[in-house]
1. Find all pairs meeting these conditions: Cβ atoms under 6 angstrom apart; at least six residues apart or on different chains; first residue within segment D:465-486 and under 21 Å from D:V425 (Cβ atoms); second residue within 14 Å of ligand 4 (Cβ to nearest atom) and of a type in the set (S, T, Y).
2. Filtering segment D:97-138 down to residues that are under 26 Å from the mean Cα position of the chain (by Cα) and not aliphatic (A, V, I, L, M), which residue is farthest from the other protein chains (Cβ to nearest Cβ)?
3. Select from segment D:398-439 the residues that are at pLDDT below 85 and within 16 Å of ligand 2 (Cβ to nearest atom) and write down the one among them that is surrounded by the most Cβ atoms within 10 Å (Cβ to Cβ).
4. Identify all residues within segment A:67-86 that are buried (at least 18 other Cβ atoms within 10 Å of the Cβ) and free of Cβ contacts under 8 Å to residues at least 40 places away in the same chain; write none if there are none.
5. Scan segment D:203-218 residue by residue and report those that are modelled with pLDDT of 90 or more and touching a Gly at 6+ places or on another chain (Cβ under 9 Å).
6. Quick one: D:E349 ticks every box in (1) closer than 19 Å to B:N197 by Cα; (2) facing chain B (nearest Cβ under 10 Å); (3) crowded, with 24+ Cβ neighbours inside 10 Å except a single one, so which number is it?
7. Pick out the one residue from D:L443, D:L471 that is within 16 Å of ligand 4 (Cβ to nearest atom) and under 24 Å from the mean Cα position of the chain (by Cα).
8. Residue check: is C:K278 farther than 19 Å from C:A20 by Cβ and touching a helix residue (DSSP H, G or I) at 6+ places or on another chain (Cβ under 6 Å)?
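The values are calculated or read from the model by the stated rules, or taken from the named source; none is laboratory data. Here the structure is a predicted model, which is why all the values come from computation and not from measurement. Positions of Cβ are backbone-derived with ideal geometry, glycine not excepted, and every protein chain shown enters the neighbour counts.
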Amino acid sequence: MKNWNWLNKFGPLLALLLVYLFFAAFNSKMTTLPAMEAMILQTVIVAISAIGMTLVIISGGIDLSAGSIIAFGSVVVALCIVTFNLPPVVAAFCGVFAGMLCGFLNGFLITRIKLVPFIVTLGSLLLVRGLAKGFAGSMPVNAGETWLSELLATLPAGQKWQLIPPGAWLMIFLAVLVAGLLRYTKIGRHIFAIGSNEQTARLCGVAVERAKLIVYSVAGAFSGLAGLMLMSYQEQGDPTGAVGLELDVIAAVVIGGGSLSGGEGSIFGSLIGAMIMTVIRTGCQLNGWAPWVTQIVTGIVIVMAVTVDRLRHRNNHQ
Amino acid sequence: MKNWNWLNKFGPLLALLLVYLFFAAFNSKMTTLPAMEAMILQTVIVAISAIGMTLVIISGGIDLSAGSIIAFGSVVVALCIVTFNLPPVVAAFCGVFAGMLCGFLNGFLITRIKLVPFIVTLGSLLLVRGLAKGFAGSMPVNAGETWLSELLATLPAGQKWQLIPPGAWLMIFLAVLVAGLLRYTKIGRHIFAIGSNEQTARLCGVAVERAKLIVYSVAGAFSGLAGLMLMSYQEQGDPTGAVGLELDVIAAVVIGGGSLSGGEGSIFGSLIGAMIMTVIRTGCQLNGWAPWVTQIVTGIVIVMAVTVDRLRHRNNHQ
Amino acid sequence: KKMKEGPLTISVIPKGTTHAFWQSIHAGAVKAGKELGVNVLWVGPEREDNRQQQIMLVDNQVVNQVDAIVLAPSDAVALRRPVKNAVRRGVPVVIIDSGLENSAEVYASFVATDNLKGGEIAADQLAKMLHGRGRIIMLRLLEGHASTGKREKGFLSALQRYPEIEITSAEQYGGATKASAQTAAENLLLRFRDGQGNFTVDGIFCVNESTTYGMLQALRRHRLAGQVKFVGFDAAASLLDAMKKDEIDGLVVQDPFKMGFLGVKTAVDFLNGKQVQKRIDTGVVFITKADIDKPEMQDFLFPDIEKWLQ
Amino acid sequence: MVAVKRQDENPPPRLEMRGIHKRFGATIALDEVTFSILQGEVHALVGENGAGKSTLMKILSGAHTADAGEMKLDGRPYLPQSPLDGRLQGVAMIYQELSLAPHLTVEENIMLGVEPVLHGFILHKEMRETAMRAIEKFDHPELKPQVRVRELTVGAQQLVEIGRSLAIGCRVLVFDEPTSSLSQKDIQRLFEIIRSLKKQGISIIYISHFLEEVQEIADRVTVLRDSTVVGSKRTAEISTDEIVHMMVGREVADLYPRSKRKAGETVLEIKNLSGVKKPANANLALHRGEVLGICGLVGAGRTELLRIIFGLDEVKGGEIKIGIYTGAGSPLQRWQNGTGMLSENRKEEGLALNMSVADNVTLSRLQNFGPAGIVLPKKQEEATQDWIDRLDIRCRNAAQPVGDLSGGNQQKVAFARLLQHDVDVFLLDEPTRGIDVAAKAKLYAVIDELASGSGNFSSSPRAVLVVSSYLPELLGICDRIAVMARGNLSEAKPVAEVD
Ligand SMILES: Nc1ncnc2c1ncn2[C@@H]1O[C@H](COP(=O)(O)OP(=O)(O)OP(=O)(O)O)[C@@H](O)[C@H]1O
Ligand SMILES: Nc1ncnc2c1ncn2[C@@H]1O[C@H](COP(=O)(O)OP(=O)(O)OP(=O)(O)O)[C@@H](O)[C@H]1O
Ligand SMILES: [Mg+2]
Ligand SMILES: [Mg+2]
């Protein structure tokens, strides 16, 4: 019993270690500092979106529009800088806000018209992508260099004391913040309650609709923020970027212990899940393996992670 | 009451008509024969895969790997012709069989290890895509011209009496066949029962595991067949083709009245759903509207279709 | 041939719409349209690897009864059938940018850069910068992509002439988006750092705009920009800027504006029954920082896209 | 003014509901319903399935709003906007179906919706203390604040629900069929808790289909029939039979009919049968022409026994013999062996709610509804219509989704499946759970006819194995009864010898 509980908490971390050691055994580059930094950098976009997705999945929903919102967010930030000449910090907020609006739209349709999240977000996957392209005229919007570009750049020699770039720090800060809110606030516990048993939550007077609206809006905001990171990474708003990224984000949450039937999931786990996928990709690329190897390995890891999760639960219940 | 029942059956057809008339009003080219033929041609791939997806969704599951299986199927057919020099008809069967194997793998993991379909097929989405690229060496496999290419080619002048190309006839034949099996056979009733209440089905002596295995294998086979059509359409096996097509397929089923919670759906409806999406795309393209308009319209149509479906149900239950 | 009232309508179908390269083609096509008094319809798939979508686009333009199609096929084979189909239906097709295998008898004309030559130029120039010795990596674009495939081939075969140059990696693909190119590039850079963190590669070649941009971003992120000889392909504003800052040492530049212009013009000539050449080369040149401000390069590098696209 | 006079005699009611109307689409669920309860009173609410009991209580708790009528709580107008509003004003409800969040802990469930917070942050210490205060009276070993609710047994889960209501200091507490999944011991524990709550002056509304329970615990009983109140009496002044009469509107002459039965050959025999956890070493022989009952506490393993026999759970050891077939088998094989099972859990396991009545009745055997291998819906419906008539199932037609039917009628549909399949051995798990007296009487009559092989339903005697937690029912219909305790099955004794 005790042992399983332990595994319950640190299972994903263990998996990360295993995967990492596996690739490190093949290629010593994996253990260098620049490799670590690069891997963290490449995780940030998926991880930030996964923070929001974790909330959605804990509440028993799903958000297929995450990838589109990321692209939309990046376009909005770039347009704010280029077309409206807004200062970068305002532009950044506009991007996050735009993402939040998209999330709010999802939440609105889910709670008011009471549609299944899968369908609503399938619809907004197309809709928001269309908007992103429409706004950008189907072309990338070059934002030029601002301090936003530094969010996800390798640290210059003089600033190595920061260890990792500011974007990654932001990700960690937000993860800790949201994990704390999820654990220590009323709304946090309510999100778990809704995912665990929505009917009950409603009967106990939890404002289910309001909570879901918040969850989807926050998830949208996080995807918007991930869009800002994408734009910082590419120095341009990319209306056709991040296609299909929602599947990576969902996979990260699931590998990290989230359950698609709701009530379970952890921010910490989701970050680890995102890390695992980056390690696999980087590991394969450092070995010069073709992209298809990466895909096969990732696919197998997803299925294995969930299988182990199942076994763990079966044991917990006995 | 009566009226709603009527709408229940012909709702998607009505929607198709509306969408079609809308675009025809903009552009008289929509009503020409070549336009009709082109639209049917462009629907076949999604529609064939949607036949299998309908079974999966009725049984309460989902198959995210459809797009990957389509690509895989196309690669297998092309390789059989090019590398193994097999006659086209054998190659075609190999493609369908390869798809069936992938579907069987999904079914096996879902029924034996008892994992959620969403996760299993998310894993095999990556895995099968990886295999397709690996088999094809990441390059399209050019199959050259065989009679397979004629499956989805515009009919030559002398054969106009066939009305639509053989691939489309095959689609119609299979749709009628599967719809009949679903409605008039034991296994068909069983699939509905499983989607409606799996435990009840088990209690009533339905071999749930076997039925699901069949459902996923058949769905895989249909995606494999769609892969054959893709290969006929492009005259090449395309390991990077059909990315994200599973969402189109799922959307077709949902627009056609399928419910993601299982127990509901119709082959006929799914075909109409696929047609609706083609009409939207073709209509937008004939008017010279940008792709993003297509996406926005399709997104809105998906959400509207499901909203109408909800209202219909609400009325039916009162 | 066809008796229809009103001006001719010509569809221009690019491989994608998101790169600056296609925007130049667009502008060139529009210019031709205005000068020749024909309608130009610009329709394209968003992703360069979506062959199926491009086939549908071609089919639908035939249905649309346009008078001619100017097409940049995203695959040398997959687009053959729809092109034949179009011609069979009486819609002539002019191929631009990248070739169509075994179908010279079908299309009206092929208007493009000599991509093989582009790759060779890049190889010679990079070798010259490295004084004929060093380690080189090349980042490819997409599996089965005809035009960049030719560049890759030309580059590698020309390098055979330099025995002291070692190609340390030529097997990675950037993929269809800039983000995927950037990630692939970053991991390449990582792979070629030695124990001390020193970069062990002397020269880099990227085969198109998105890979060049991805590599540039990766170099910047690794603070390596300007410390390694870097030759790219195509002249997007962002790349020219980088070249001014010495982050890129040279670019092989095609003339997309001309390609778009000639594509439409050839189609119109063909429709009017004039004799057209089967192969029209739009030229390819190598430029460095010094060339950017030369007056004779201005029209070439900075065609007035805004003017035509308004 | 009579009313004024009465008010002078009695203390003012804690709660008054007057002229309550409610309709759902075409269904009138409540019509002119008037109901009141005093402080510290236990007031039972009884009635047939679909009479409107739960609906009335949902209006009281704020989950539904009435179309017309007024409510007063301690003399002040009471108009809850939501369940939370109702709870905060002192009206709490324990629902028919357990409503807990399985992933949350005991304390989180108890305090759900009313967590003590400061700026949105939960005050964990305070939360734990309040939760502890609510559950310490129960003195149940499983109830620890930090345990996740999904790890508790059903009885303990129900205590969590009660604790949830106590934690917010309610004035009126509603129990909607609380005992349908409780053991006898837990029921007694519950009654003690109810009595102590009563002493604290809390008013309790108690809904149940078990009229003996009503007699034991309630001070007053109100009967609902066809959406209206047909009477309200002190329990001391009314007998169970009279209550039944008020509920059904007619005399239920013989609840437990018993025709002549004759035990024949053995059709089901189990020897030393054991499952993964329960049962252990069970022995049993069931004969044609008899009704054998198994009683015991919840969790004793009776359901598991039936499930193992039916091939739904794994056999660990021992032997099963059905007719001429021996060994473990899948449900499909069991049906083919001529055995059918009725699940205790209608909604989750018994019926496919959004499929038609016809599909549900014929699902286990889709043969003979058309030429080779073909199933024609028309023929399915024809076959089903026969059972609809014979069992008096109230529905529009055989094509109606079974989820639209009331509980009792749903149960009849589930039962009709066994009849349609024409099985020899009936395994019935809690066949009358949650259904009203009239429907029960009908089922008892059918069971009797099956066992005796006379009458409408059967030409030859069948064998029936019934599991029930309701002892009077077993005593009424069985020939022999066995007792199950902690997975051990006693020898079956003739009813006459059971005390
Ligand atoms: N949400 C609803 N929508 C439509 N009809 C409803 C709804 N809730 C209840 N009804 C109908 O109202 C009537 C009263 O139902 P209610 O649940 O109050 O009965 P009950 O007395 O609690 O029955 P039981 O003993 O089976 O619990 C029934 O006919 C039922 O079908
Ligand atoms: N609805 C339920 N939810 C969760 N656990 C349950 C439920 N019903 C029974 N259990 C658990 O299953 C185990 C075995 O119960 P089982 O149902 O076999 O006993 P039983 O004697 O048949 O009781 P019942 O009166 O419920 O039929 C017990 O530990 C019990 O706590
Ligand atoms: Mg009720
Ligand atoms: Mg039981």
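1. Once the first residue is under 21 Å from D:V425 (Cβ atoms) and sits in segment D:465-486, its partners that are within 14 Å of ligand 4 (Cβ to nearest atom) and of a type in the set (S, T, Y) give D:L474/D:S468.
2. Applying the filter and picking the extreme gives D:F138.
3. Restricting to residues being at pLDDT below 85 and within 16 Å of ligand 2 (Cβ to nearest atom), the top hit is D:I435.
4. The answer is A:C80, and nothing else.
5. D:S203, D:I204, D:I207
6. It is condition (3) that D:E349 fails.
7. Only one candidate qualifies: D:L471.
8. So C:K278 fails the test.
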